[in-house]
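The values are calculated or read from the model by the stated rules, or taken from the named source; none is laboratory data. In this text, all values refer to a predicted model and were calculated from it rather than measured experimentally. Here Cβ is always computed from backbone atoms with ideal geometry, including for glycine, and neighbour counts include all displayed protein chains. In case anyone asks, the SASA skips ligands and DNA or RNA and just uses the protein heavy atoms, side chains included. Shrake-Rupley method; radii C 1.70, N 1.55, O 1.52, S 1.80 Å.
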Amino acid sequence: MRSMRRIYSIPYYFWLLFFVIAPVILIIYQSFFDMNGNFTLSNYHTYLTSKTYLGMTLNSVLFAFLITLMTLLISYPTAYFLSKLKHRQLLLLLVVLPTWINLLLKAYAFIGIFSTNGSINEFLSFIGIGPKQLLFTDFSFMFVAAYIELPFMIMPIFNALEEINPSLISASRDLGANNFDTFRRVILPLSMNGVKSGVQAVFIPSLSLFMLTRLIGGNRVITLGTAIEEHFLVTQNWGMGSTIGVILIFAMFIVMMLTGERKKGGRA
């Protein structure tokens, strides 16, 4: 049985080697070369001493934090409400369905909604307010990013809420706790693993967004993902682009360590 498991795991290890480990090694390797192919540490020196790159990093972290916060504030009540419904699996499917639509199609749909002649501005004109500049703003970028990331926050929180033993909630109420105390002392702590998983699933991709910064942000929003795209496709400075990629990978590891589940030692 153990030998069969090892045989079945071979495709997984090949996938992990060629599509995860190898690309990361190539990025790290390329980060130590300049545009002329010479070995150098100047890429890291430039990044760590440049106000532009450091400001871009702070900008990326700030936008990722705000997108994650917006998503969490919407997702937790939604997941909690869904977990109480009778036909929650069907409604959860409706939450997941937008993830089946191509990201580019959703971005272009929001361009039509937020544009000068879009649906929202037509409504504002109808009620007498007049058209507003909604597209190519920080708000539109964060709104669309949060909308796209919503299912990835709702799902882990919903699963964590579903795994809570109902007897624990009943015991809390039998001991005299009201609904708020039950939520604060029982439900919220037991669902924190789902919250942490959702934060990972939203914050990490939000650090490297570049398509939405182009289409929705109009290049007004500059993130690490945008800088990597520029260096690889425009300036052809693969070394600097790889260096930013390494910094981004390092930041992702930090987020995973901060939001990862900590197992407590001890005897059962």
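I'd like the full set of residues that are touching a Pro at 6+ places or on another chain (Cβ under 6 Å) and open to solvent by less than 30 Å² (accessible area, probe 1.4 Å), limited to the stretch 165-214.
Gly194, Gly198
When both residues are 6+ apart or on different chains and their Cβ atoms are under 7 Å apart, which pairs have a first residue that lies in the stretch 238-255 and is at pLDDT 90 or above, and a second that is surrounded by fewer than 19 Cβ atoms within 10 Å (Cβ to Cβ) and among the acidic types (Asp, Glu)?
From residues that are at pLDDT 90 or above, the pairs are Gly239/Asp34.
Out of (1) touching a helix residue (DSSP H, G or I) at 6+ places or on another chain (Cβ under 6 Å); (2) free of Cβ contacts under 8 Å to residues at least 12 places away in the same chain; (3) not hydrophobic (A, V, I, L, M, F, W, C), the odd one out for Thr182 is which?
Of (1) touching a helix residue (DSSP H, G or I) at 6+ places or on another chain (Cβ under 6 Å); (2) free of Cβ contacts under 8 Å to residues at least 12 places away in the same chain; (3) not hydrophobic (A, V, I, L, M, F, W, C), only one is false for Thr182: (2).
Is it the case that the stretch 161-171 has a residue that's part of a helix (DSSP H, G or I), closer than 19 Å to Thr68 by Cα and in contact (Cβ under 8 Å) with a residue 24 or more places away in the chain?
Step one: of the stretch 161-171, the residues part of a helix (DSSP H, G or I) are 161-162, 166-171.
If we keep only those that are closer than 19 Å to Thr68 by Cα as well, we get none.
No, that holds for no residue.
Which ones in the stretch 88-136 are among the small types (Gly, Ala, Ser) and touching a residue at least 24 places away in the same chain (Cβ under 8 Å)?
Ala107
Based on what the data block shows, is Arg185 charged (D, E, K, R) and part of a helix (DSSP H, G or I)? Let's see the steps before the verdict.
On the way: charged (D, E, K, R): yes; part of a helix (DSSP H, G or I): yes.
Considered against the rule, which asks whether it is charged (D, E, K, R) and part of a helix (DSSP H, G or I), Arg185 comes out as yes.
Only one of (1) open to solvent by 60 Å² or more (accessible area, probe 1.4 Å); (2) aliphatic (A, V, I, L, M); (3) under 30 Å from Arg220 (Cβ atoms); (4) assigned to a helix (DSSP H, G or I) is not met by Ile154, so which one is it?
Unmet for Ile154, out of (1) open to solvent by 60 Å² or more (accessible area, probe 1.4 Å); (2) aliphatic (A, V, I, L, M); (3) under 30 Å from Arg220 (Cβ atoms); (4) assigned to a helix (DSSP H, G or I): (1).
Determine if the stretch 229-237 includes at least one residue that is in contact (Cβ under 8 Å) with a residue 12 or more places away in the chain, open to solvent by 20 Å² or more (accessible area, probe 1.4 Å) and of a type outside the set (S, T, N, Q).
Checked the stretch 229-237: at least one residue is in contact (Cβ under 8 Å) with a residue 12 or more places away in the chain, open to solvent by 20 Å² or more (accessible area, probe 1.4 Å) and of a type outside the set (S, T, N, Q).
Quick check on my filter: what residues within the stretch 70-87 are in a helix (DSSP H, G or I) and either without any contact (Cβ under 8 Å) to a residue 12 or more places away in the chain or farther than 30 Å from Ala160 by Cβ (or both)? Talk me through it step by step, then tell me what you get.
Step one: of the stretch 70-87, the residues in a helix (DSSP H, G or I) are 70-83.
Result: Leu73, Pro77, Phe81.
In this structure, does Ile222 turn out to be touching a residue at least 24 places away in the same chain (Cβ under 8 Å) and either surrounded by fewer than 18 Cβ atoms within 10 Å (Cβ to Cβ) or part of a helix (DSSP H, G or I) (or both)? Quick ask: steps written out before the conclusion?
Details: touching a residue at least 24 places away in the same chain (Cβ under 8 Å): yes; either surrounded by fewer than 18 Cβ atoms within 10 Å (Cβ to Cβ) or part of a helix (DSSP H, G or I) (or both): no.
Answer is no for this residue.
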